[in-house]
Amino acid sequence: DNIGQSSTINDESLFIFTNLTPGAVYGFTLDVNCSLINLNFTVPTDEWRTVFFDMNPTVTQQCGGSGTINANVDFRNWGYYFTQLWKDGVFVESNNSDKYNNVAPGVYEIRAIAKQGWCSGAKSYTITDTVRIYPDGTPPQLIRQFAFICNSGTTGSANIEVAGFGPFKYEIKRINPSPEATYTLIASNAPGHYTFSNLQAYATYNLLITDNCGKSTVSQLTVGEISEFSFENFYQPCTGSAYAITAPDIAGATYQWTKQGSPAVLSTTRSVYFPSYSKIYDGEYTCMMSFNGGCLTQSITANVEGAAFCYVLPIKLSNWTVTPQECGAKLKWETATNEEGKYIIEHSTDNIHFNAVKEFSTTDKKDGSAMYEYLYNDLGNGNNYFRLKFVKADGKTEYSSTLITKRKCDSHEQSIKVMPNPVINADIIVRCYSPVSATIDFSIVNSLGVVLKTTKEKVHAGDNAIKINAPSLPAGIYFVRTIDDSGNRKMDKFLKN
């Protein structure tokens, strides 16, 4: 049937048709210079599509001191975007090419702005980042590094991000253990983002970086185990508002987002963004982070549930932290205003259902202090989520960001500890906590990753003391490594005197 709609291309190179039926197939005729082209399309049934929108700006420096800034925006959806360059709060220029040439030395803010204003109810979204153009003569700057032990447990890698007058030359020299006398050339004419492979686990290296203008600098890389990642400033969304879940920005990481119940990849950037959040998006979202081609992988998961009436992060806090302490967590915050009301600490183990655990009234602060502190001693297994609820004197409610922590004591997961440390005799005593009875392989490994001794021991649920006799170990640094029936690994370092 002819629905009687016609459209002319607008300033955003779009043809707009309205009041279409979800799931229906429509056809239209495109008149191009008197040539008629027939096209068909299907109206999607989902209320809104996730927008792929991210920015990873880079700088190319010239030896004379100026530079080129590339915004590198990833925008894959309807609408359009453009970028702006700002310096010291003053607008410099704007374009939709992502590129700014012959930029003078200084610190600049890049703004990427997505627009979907042609769609009723849509909102624009802005992401920002900061870049620096260095003056002539500045040596190369190691901006970020991430050194880690691979999942195999035997080798390591390191990802670095270097700023300055590239391309760069990279040389490394191990300084601990077994110090090396000379540097080894790893790469010449290399980019600022670089990955080092096949590094020795638990080793420290000097990294010599030389830029394209002949300037050099030395930094250190230490290859060790990493802690678990968490989302940046995670909070629950408000329906009808823009919302983003963002994974940590770590040098060399690749990202893949999925939602429970669907094999579809939602995003390969740090964020999943919803321009207008709806309850149909509620669910469990997982971001798989991978480093150096899968040498190290780690996933983080969030349970997301939209609320019809909420206030997202309006509390003016100058500080808000949660720190693991024994089997509990210490929460501290500092207010940035003197507004009267009460703070309520809320706790959750699923990031959906929160319970109030402690209330503080602003009138209780007789000394005028803006600092609050509370020790929570009832952490659950896995992730624990905390947020602050602020109830104003007029009854209005505001929320802080949600912080994540984990129980650090040895009550609910396998752990090992060499005691005493340093080891002073032939017997190495390993305190091993296991949540269940199991058979575990205990290995003594030297600083080069060579397994010196392995023994298989049966442990019961709870605390165990395992004695490993190793009379021939010379003085040095060693590791006890365990592998249980399920393939779970633990490692503890010890010193042999």
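Every number in this text was worked out from the coordinates using simple rules, so none of it is lab data. A quick note: this is a predicted structure, and the numbers were derived from the prediction, not measured. Note that each Cβ is placed from the backbone with ideal geometry, even for glycine, and that neighbours are counted across all protein chains shown.
Quick look at the numbers
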{"read-out": "Förster radius 30 Å - calculated FRET efficiency between LEU375 and GLU225 (Cβ-Cβ, nearest 0.05)", "value": "0.65"}
{"read-out": "Contour excess over end-to-end distance, with Cα ends at THR29 and THR126 and 0.36 nm allotted per residue", "value": "31.4 nm"}
{"read-out": "Among the listed pairs LYS87/LYS332; LYS173/LYS215; LYS417/LYS458; LYS417/LYS453; LYS332/LYS396, those beyond 28 Å (Cα-Cα)", "value": "LYS87/LYS332"}
{"read-out": "Extension gain from ASN19 to SER486, taking 0.36 nm per residue of separation minus the Cα-Cα distance", "value": "162.5 nm"}
{"read-out": "Principal axes of the stretch 159-263: Cα extent on each, largest first, Å", "value": "60, 33, 25"}
{"read-out": "Full-extension gain in nm, THR68 to ASP394, via 0.36 nm per residue minus C-alpha separation", "value": "112.2 nm"}
{"read-out": "Pairwise centroid distance, computed over Cα atoms, of the stretch 64-104 with the stretch 430-497, Å", "value": "54"}
{"read-out": "Computed E for ILE113/VAL357 - FRET, C-beta separation, R0 45 angstrom, nearest 0.05", "value": "0.65"}
{"read-out": "Backbone HN-Hα couplings from phi across the stretch 108-115 [Karplus 6.51/-1.76/1.60, Hz, Gly and Pro as x]", "value": "10, 9, 9, 10, 10, 10, 9, 10"}
{"read-out": "Pairs beyond 25 Å (Cα-Cα), from LYS115/LYS389; LYS259/LYS392; LYS259/LYS358; LYS330/LYS389; LYS259/LYS389", "value": "LYS115/LYS389; LYS259/LYS392; LYS259/LYS358; LYS259/LYS389"}
{"read-out": "Spin-label model distance (nm) - ALA190 vs ALA470, 7 Å beyond Cα toward Cβ", "value": "3.2"}
{"read-out": "Sequence ranges 26-38, 166-178, ranked by mean other-Cβ count within 10 angstrom, highest first", "value": "166-178, 26-38"}
{"read-out": "Rg/Rh (Cα only; Kirkwood hydrodynamic radius) as it applies to the chain", "value": "1.02"}
